[in-house]
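What follows is a set of notes on a single structure, which appears directly below.
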Amino acid sequence: MLRAYFAKMTGTTKSPPRISAEEIIWSWIGGFVGIGMVAYLNYSRFEHTDLVMIVGSFGASAVLIYGAIKSPLAQPRNLLGGHIISAIIGVTSFLLFHDFMWFASAMAVATSIALMHATKTLHPPGGATALIAVIGGEKIHALGYLYAIIPVGVGATIMLAIALLINNIPKKRRYPEFWI
Amino acid sequence: MSEKERAFPLKAEISDEDIMEAMKDISGYLDITPGDFKEVYQTAYRHAMSRISSSVKAKNIMTTKVFSVKRATPVAAIAELMADNIISGVPVIEENGKVTGIISERDFLSGMGVKGAKTMMGIIADCLKNKGCMAISIGALKAEDIMTSPAITVSGNTTISEIAGIFGEKKINRVPVTDSAGNLIGIVSRADLLRYLPFKEKP
């Protein structure tokens, strides 16, 4: 029995093939423009305000929506739903449990995973969005539930718009696979 | 292994290399491992098989021009009918059209009292050894004397997967198709079934 248990750790299949150079280049362009837009807004417009436009989890979203555009995890429903639901859960978790930061952190991420699954909006960066709401420092905490709209909702929407524009330029690429 | 499983290949033969090649052909990053893809493919294939085999029915594949005989038809006439039309079995019907039995080559062999393996070779061997054929001894018999009765029948809505199951279970090669009143409307043979198995090219 123990043998069968450890045998499972050997894997059963191979890594998928490498994508073409063209795909790699378009993934780079999407990532650059998408993050460029939210980062530019953040540093040029929001620099000296109480607001932010960029959060770390957008970097993870960029991998999916510009680099793995066929993935169910990268579709608009998942991108927007996953970020916004997780942001709300993250803020709630911080407000309720900020006296126990380890608990607030774990609660935020775990509940985000569960709720994203339940709503068919699983988007891995959502877990980071929830965690940032807890551990992101005073500027984030001060936003309260606004965090779910700015930066999370608006930023994700800008990145989605860039994904729609850039991913559909090459003949062989198309995005999204589905909306709802 | 049941007859059904033999009639429908359980697994689509697809290799890991086929999948890797297909994934390379499709541009862009596919968020699935070749192993998972194979599992999805083979599960989908099984679903397709059962969908197809449960959507094709007896009425879709049966031969409607059926040769049949009456209870009183002499066996010599039956043998001639089967020989002339190259068929290996005929239903026996009552005067009112209802199927009462079926006669196959095997029933002829049984009727002749062939012992041991009931095959054509058994008959030939017997003829050669006994200076004369046993077949002559059944010359005076009629259909009702040698038929298998009651006949196993199916309805027009019986699916081909069910028919494949019946063939295997009852060890028969043809089954008369009857309407709700029991009247003969067609016959499905193993050959009919093979011709309509999914993904087989029609001859």
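The values are calculated or read from the model by the stated rules, or taken from the named source; none is laboratory data. Please read all numbers here as calculations on a predicted model, not as lab measurements. Please note: Cβ atoms are built from the backbone with ideal geometry, for glycine as well, and neighbour counts cover all protein chains shown.
Working only within segment A:119-142, note down all residues that are assigned to a helix (DSSP H, G or I), closer than 12 Å to A:Phe94 by Cα and in contact (Cβ under 8 Å) with a residue 12 or more places away in the chain.
The answer is A:Ala130, A:Leu131, A:Ile132, A:Ala133, A:Val134, A:Ile135, A:Ile140, A:His141, A:Ala142.
If you take the residues in segment B:82-97 that are touching a strand residue (DSSP E or B) at 6+ places or on another chain (Cβ under 7 Å) and buried (at least 16 other Cβ atoms within 10 Å of the Cβ), which one is farthest from B:Thr153 (Cα to Cα)?
Residue satisfying both the conditions and the ranking: B:Met82.
Mind checking whether some residue in segment A:27-40 is within 13 Å of another protein chain (Cβ to nearest Cβ), touching a residue at least 12 places away in the same chain (Cβ under 8 Å), over 24 Å from the mean Cα position of the chain (by Cα) and in a helix (DSSP H, G or I)?
There is no residue in segment A:27-40 that is within 13 Å of another protein chain (Cβ to nearest Cβ), touching a residue at least 12 places away in the same chain (Cβ under 8 Å), over 24 Å from the mean Cα position of the chain (by Cα) and in a helix (DSSP H, G or I).
Take the conditions at positive phi and over 32 Å from the mean Cα position of the chain (by Cα) and apply them to B:Gly28. Does it pass?
It is true that B:Gly28 is at positive phi and over 32 Å from the mean Cα position of the chain (by Cα).
Test of understanding: among A:Lys172, A:Lys139, which residue is away from chain B (no Cβ under 14 Å), surrounded by fewer than 13 Cβ atoms within 10 Å (Cβ to Cβ) and of a type in the set (Lys, Arg)?
A:Lys139
Would you mention how many residues in segment B:138-166 are within 19 Å of B:Ile185 (Cβ to Cβ), of a type in the set (A, V, I, L, M, F, W, C) and part of a helix (DSSP H, G or I)?
Going through segment B:138-166 one residue at a time, the tally reaches 3.
Considering only segment B:24-92, give the helices (runs of 4 or more DSSP H) lying wholly within it that have at least 2 residues that are in contact with a Phe, Trp or Tyr (Cβ under 9 Å, 6 or more places away or on another chain), more than 13 Å from B:Ile103 (Cα to Cα) and at pLDDT below 90.
Those helices (runs of 4 or more DSSP H) span B:34-55, B:58-61.
State which residue is farthest from the other protein chains (Cβ to nearest Cβ) when the search covers only segment A:1-23 and only residues that are surrounded by 13 or more Cβ atoms within 10 Å (Cβ to Cβ) and part of a helix (DSSP H, G or I).
Across segment A:1-23, the extreme among qualifying residues is A:Glu22.
Which residues, counting only those in segment B:136-173, are modelled with pLDDT of 85 or more, of a type in the set (A, V, I, L, M), more than 14 Å from B:Ile93 (Cα to Cα) and more than 11 Å from the chain's Cα centre (by Cα)?
B:Val154
Search segment B:46-66 for residues that are among the basic types (Lys, Arg) and pair each with any residue that is in a strand (DSSP E or B) when their beta-carbon atoms are under 9 Å apart and the residues are at least 6 apart or on different chains.
These pairs meet every condition: B:Lys57/B:Ser155; B:Lys57/B:Thr159; B:Lys59/B:Ser155; B:Lys59/B:Val177; B:Lys59/B:Ile185; B:Lys59/B:Gly186; B:Lys65/B:Gly186.
Kindly indicate whether any position in segment A:81-88 is within 14 Å of chain B (Cβ to nearest Cβ), in contact with a Gly (Cβ under 6 Å, 6 or more places away or on another chain) and closer than 30 Å to B:Glu39 by Cα.
For segment A:81-88, residues within 14 Å of chain B (Cβ to nearest Cβ), in contact with a Gly (Cβ under 6 Å, 6 or more places away or on another chain) and closer than 30 Å to B:Glu39 by Cα: absent.
Being more than 14 Å from chain B (Cβ to nearest Cβ), part of a helix (DSSP H, G or I), under 24 Å from A:Gly34 (Cβ atoms) and among the aromatic types (Phe, Trp, Tyr) narrows it down to one of A:Phe58, A:Phe94, A:Phe103, so name that one.
One residue alone meets the criteria, A:Phe58.
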